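Below you'll find the structure, written out as structure tokens, and then a few comments.
The values are calculated or read from the model by the stated rules, or taken from the named source; none is laboratory data. Small disclaimer: the values here were computed from a predicted structure and weren't measured. Here the Cβ positions follow ideal geometry from the backbone for every residue, glycine too, while neighbour counts run over all protein chains shown.
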Amino acid sequence: MSDTTDTGGPVLAADGTPLKRSLARALRRQKMRALLLIAPLLLFILISFILPVADMLYRSVKNGIVTDTLPRTVVALADWDADSGDLPSEAVYAAMAADLKEAAAAKTHTKVGTRLNYENPGISSLFRKTGRKAKKFDLEGVSSWKEELIDINKGWGDVGNWRTIQTYSPPVTSGYFLNAVDMRVGPDGAEMRPEAERIYMNLLGRTLWMSLAITVCCILLAYPVAWILANLPMRQANILMILVLLPFWTSLLVRTSAWKILLQQQGVINDILVWVGLVDDSARLVIINNQFGTIVAMTHILLPFMILPMYSVMQTIPPSYLRAAKSLGATDWTAFWRVYFPLTIPGIGAGSILVFILAIGYYITPALVGGTKGTFISNQIAFHISSSLNWGLASALGAILLAVVLGLYWAYDKIVGIDNVKLG
Amino acid sequence: MKLAKMFMATSALTLAGNVATAEDMANELTLVSWGGAYQASQVKAYVEPYLEMHPEVKVTWDESSAEAVAKLRAMNEAGNVTWDLVDAVASDSMRLCDEGLAEELNHDEDLAAAPDGTSASDDFGDLLVSDCFVPQIVYSTTFGYRKDLVGETKPDSVCAIFDLDTWPGKRSLQKRPIDNVEWALYCDGVAKDEIYDVLGADGGMERALAKLDTIKDQVVWWTAGAETPQLLADGEVVFGSTFNGRLFSAIAEQNQPIEMLWDMQSFDLDGWVVPAGLPADRKARVMDFLKFATDTQRLADQAAYISYGPARASSAPLVGKHAELGIDMAPHMPTDPANSGNVHVYDYEWWADNRDDLNAKFEAWLAK
């Protein structure tokens, strides 16, 4: 043993191999076994969560449709200088005619039109109308496709349309992301959209501050409830707990609709206020279809997510701590603020993260009670997914929302510390 | 000889083919519709009669028409289209057609002719707005008002919506630019046939929004057709736009104190779309059902259950009484001459081009 140390050679295991290597091998085997054990879950998450999310994110930059459908035109257009103000050359028009004939046979011309219409309103009918005739194009028999195409639709004589096709011909585009931050590609590169068309940054800001307001309301309402739950004898606490959980188990739509009945101008709350005489019948309060309505309804819906982690943290705080503080001369307030409250911070942290992240992605409740000023950015994402079919823009908005949430999570970790979060 | 042989062979093949299709039809049929009273009218008017003729067929309903375009696109990308026939509004059918998600039809071959022999394309006429679309009904988006809340003067023009002095109170409008901007321009003095020219020109949308600005804080925006009847019944709004069938059931079936305001009602169409790329056996069944469900009698039958006008000209004279209430349905149809004195027909092609742009402006205006 002392020999090996003297010569400075490697420490050997019993079988003569260096100890380091044999240890590494044993550890590797263990790691492999652990990996195999979690493999089903890992695969499941990969296939059902990470891949779809990645695919959706990729859509926010994907733009292959233009080169795929109009391959010849894209090549021919590459040399054209849009700023010259001249229409593209005869060769470009001939390439477009050939591409359109092929695309119309495969019925893909309208897809390109729809894609380009997001950037240049009106271009979809240019493709749709020309496509109707394109199937019968005689590619060899026409001497000037430039004249022919402009004759079919004068849109082909518009430099702006060609510029759009050229700008959006690369297989990857930043167009959706620019749109998602209220910008667009202008003649001189990226520029802000006109004031009247800016939506998303405004909405994102509103989503963030309203989610924050909802989180704060939840903390203020949940704290006393959780405290009572944690300090009551078991039997009463269980009954109260059912009252907390009952709405939690009720359908989201039912709860939101109930708020509509309560809050509307001819609703229960206004009726009572008028009956009591606090409010005049002609001046009933507007407490729905605005931000107030959204905050009230969502605070109610998300409250259990705040109460439950707070309750489970408070339950673990021994009452003797408070008694000790008081016996050492602390007032009720000091004992609470200096001893009890710091111990409940992990519960507040966990509840806040849950409520805030759930709130940021909500769209059903804001859509129903939010009116025009109480809707969230997720309402626009839902609109673009299911109604306008601009999935690229929806993905870009989703990607931005994801980045914002991750950024806030990082900030939370820096300020409060993610270790300081406890779900129970 | 050779020719005759060939001829015989082909006719034998055609015969065999005809027999074979009857056997090769799939017996499962997945229909997509809107749910509610409208779907019920479809069940009564043509699905039940079809099932009586073909007891081997099993029909499944999916109430997804509101998201039909998005879902069909997702199904198509996944390569697994589970729907056989989709009920969609005309503008959605055009988008499905544009995206290559809907089958192009030959209306004269695929649909039944009218009883007097008029071809299907003549019978439907202008309502065949897309090659992929078979219209079933003409509906309209129009206003209803509370009889007891409008005061002495009854409104008779759509511009009453913008007249807060004579008719104060809230109005409910659909949360989208379509229809609303047209009404705004019309009431701002634009002639009916110039609306789209003005709207498409510079500053047109701004002019429409400025008009809507005058009533903006008195508007409750709705997204589901059931909201306006509810808001009217609760007295939350004095006027409200919605689909005329919804107002009919609030008035005739639930006896609410609501009255129709037919002026400048906005005509729209709803109909069937066949998803692209169905396997042959399923497609054969769908086409068989489609031919039956859109013939003259079936479309007229549907009007006995809901107050939407049949899309075929030949069905109109056959419209009778409500199946349960026994009232005459004709006066409640948006297409009835007494109701359609001044109508607005919205321009599908124009909106297909401009909806993304105007939606953005409209949303920005709403959020302001």
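For the reader, a short list of remarks on this structure follows.
- Qualifying position, being farther than 30 Å from A:Phe383 by Cα, surrounded by 14 or more Cβ atoms within 10 Å (Cβ to Cβ) and either under 23 Å from the mean Cα position of the chain (by Cα) or of a type in the set (D, E, K, R) (or both), among A:Asp271, A:Asp280: A:Asp271
- Scope the range B:332-364; condition within 18 Å of A:Ala180 (Cα to Cα) and at the interface with another protein chain (Cβ under 7 Å from one of its Cβ atoms); matching residues: B:Asp356, B:Asp357, B:Asn359, B:Ala360, B:Lys361, B:Glu363, B:Ala364
- Residue count for the range B:57-86 under the criterion of being among the small types (Gly, Ala, Ser) and without any contact (Cβ under 8 Å) to a residue 12 or more places away in the chain: the result is 4.
- Unique match (being in contact with a Pro (Cβ under 6 Å, 6 or more places away or on another chain) and either surrounded by fewer than 24 Cβ atoms within 10 Å (Cβ to Cβ) or assigned to a helix (DSSP H, G or I) (or both)) among B:Ala250, B:Ala233, B:Ala304, B:Ala224: B:Ala250
Residue by residue, here is whether (1) more than 23 Å from the chain's Cα centre (by Cα); (2) part of a helix (DSSP H, G or I) holds:
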position	(1), (2)
B:Trp167	yes, no
B:Ile178	no, no
B:Ala184	no, yes
B:Val198	yes, yes
B:Glu206	yes, yes
B:Leu212	yes, yes
B:Thr242	no, no
B:Gly245	no, yes
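- Qualifying residue in the range A:89-96 (condition: within 14 Å of another protein chain (Cβ to nearest Cβ) and not polar (S, T, N, Q)): no
- Checking each residue in the range B:175-199 for being among the small types (Gly, Ala, Ser) and surrounded by fewer than 16 Cβ atoms within 10 Å (Cβ to Cβ) picks out B:Gly189, B:Ala191.
- Residue match in the range A:72-94 (condition: loosely packed, with under 11 Cβ neighbours inside 10 Å, assigned to a helix (DSSP H, G or I) and assigned by TED's automatic domain parsing to the domain that holds A:Glu148): yes
- Just one of the listed residues (B:Ala70, B:Ala102, B:Ala66, B:Ala78) is on the phi < 0 side of the Ramachandran plot, within 14 Å of chain A (Cβ to nearest Cβ) and surrounded by fewer than 15 Cβ atoms within 10 Å (Cβ to Cβ), namely B:Ala78.
Condition check ((1) touching a Ser or Thr at 6+ places or on another chain (Cβ under 8 Å); (2) part of a loop (DSSP other than H, G, I, E, B); (3) at negative phi; (4) within 14 Å of chain B (Cβ to nearest Cβ)) across all residues:
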| site | (1), (2), (3), (4) |
| --- | --- |
| A:Val274 | no, no, yes, yes |
| A:Met306 | yes, no, yes, no |
| A:Tyr321 | no, no, yes, no |
| A:Ala325 | yes, no, yes, no |
| A:Thr334 | no, no, yes, no |
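- When every residue of the range B:257-266 is checked against the conditions, at least one turns out to be in a loop (DSSP other than H, G, I, E, B), farther than 21 Å from B:Ser33 by Cβ and either of a type outside the set (A, V, I, L, M) or in contact with a strand residue (DSSP E or B) (Cβ under 6 Å, 6 or more places away or on another chain) (or both).
- In the range B:320-353, the residue that is surrounded by the fewest Cβ atoms within 10 Å (Cβ to Cβ) out of those that are in a helix (DSSP H, G or I) and either of a type in the set (A, V, I, L, M) or in contact with an Asp or Glu (Cβ under 8 Å, 6 or more places away or on another chain) (or both) is B:Ala330.
- Against the test of being in the same structural domain as A:Gln291 (by TED's automatic domain parsing), within 30 Å of B:Glu363 (Cβ to Cβ) and out of contact with any Gly (no Cβ under 7 Å at 6 or more places or on another chain), the options A:Tyr362, A:Tyr340 yield a single qualifying residue, A:Tyr362.
- Within the option set B:Leu231, B:Leu212, B:Leu247, B:Leu199, being at pLDDT below 95 and closer than 27 Å to A:Ser282 by Cβ holds for one residue only, B:Leu231.
- Residue check for A:Met210: part of a helix (DSSP H, G or I), more than 23 Å from B:Trp222 (Cα to Cα) and within 26 Å of the chain's Cα centre (by Cα): no
- Counted as qualifying within the range A:363-424 are the helices (runs of 4 or more DSSP H) with 3 or more residues that are more than 13 Å from every other protein chain (Cβ to nearest Cβ), namely A:391-415.
- Total residues in the range B:59-80, condition in contact with a Lys or Arg (Cβ under 8 Å, 6 or more places away or on another chain) and hydroxyl-bearing (Ser, Thr, Tyr): 1
- Within the range A:223-237, at least one residue is of a type outside the set (Lys, Arg) and closer than 29 Å to A:Gly407 by Cα.
- Scope the range B:267-289; condition within 14 Å of another protein chain (Cβ to nearest Cβ) and either assigned to a helix (DSSP H, G or I) or at positive phi (or both); matching residues: B:Gly277
- Search result, residues across the range A:337-358 that are surrounded by fewer than 16 Cβ atoms within 10 Å (Cβ to Cβ) and farther than 12 Å from A:Asn420 by Cβ: A:Trp337, A:Arg338, A:Phe341, A:Ile357
- In the range B:139-166, the qualifying residues are those that are touching a residue at least 40 places away in the same chain (Cβ under 8 Å) and of a type in the set (D, E, K, R), and the one that is surrounded by the most Cβ atoms within 10 Å (Cβ to Cβ) is B:Arg146.
- Here A:Arg72 fits the description: under 39 Å from the mean Cα position of the chain (by Cα) and basic (Lys, Arg).
- The range A:117-145: number of residues that are within 14 Å of chain B (Cβ to nearest Cβ) and part of a loop (DSSP other than H, G, I, E, B): 6
- Within the range B:203-221, restricting attention to residues that are of a type in the set (A, V, I, L, M) and surrounded by 15 or more Cβ atoms within 10 Å (Cβ to Cβ), the residue that is nearest to the other protein chains (Cβ to nearest Cβ) is B:Val220.
- Residue count for the range A:175-195, restricted to those that are part of a helix (DSSP H, G or I), free of Cβ contacts under 8 Å to residues at least 24 places away in the same chain and surrounded by 15 or more Cβ atoms within 10 Å (Cβ to Cβ): 1.
- Looking only at the range B:87-110, residues that are touching a residue at least 12 places away in the same chain (Cβ under 8 Å) and not in a loop (DSSP other than H, G, I, E, B) come to 16 in all.
- Exclusive hit being under 19 Å from the mean Cα position of the chain (by Cα) and not acidic (Asp, Glu), set A:Ile415, A:Ile357: A:Ile357
- Counting the residues of the range A:226-240 that are free of Cβ contacts under 8 Å to residues at least 40 places away in the same chain and either among the acidic types (Asp, Glu) or outside any loop (DSSP other than H, G, I, E, B) (or both) gives 8.
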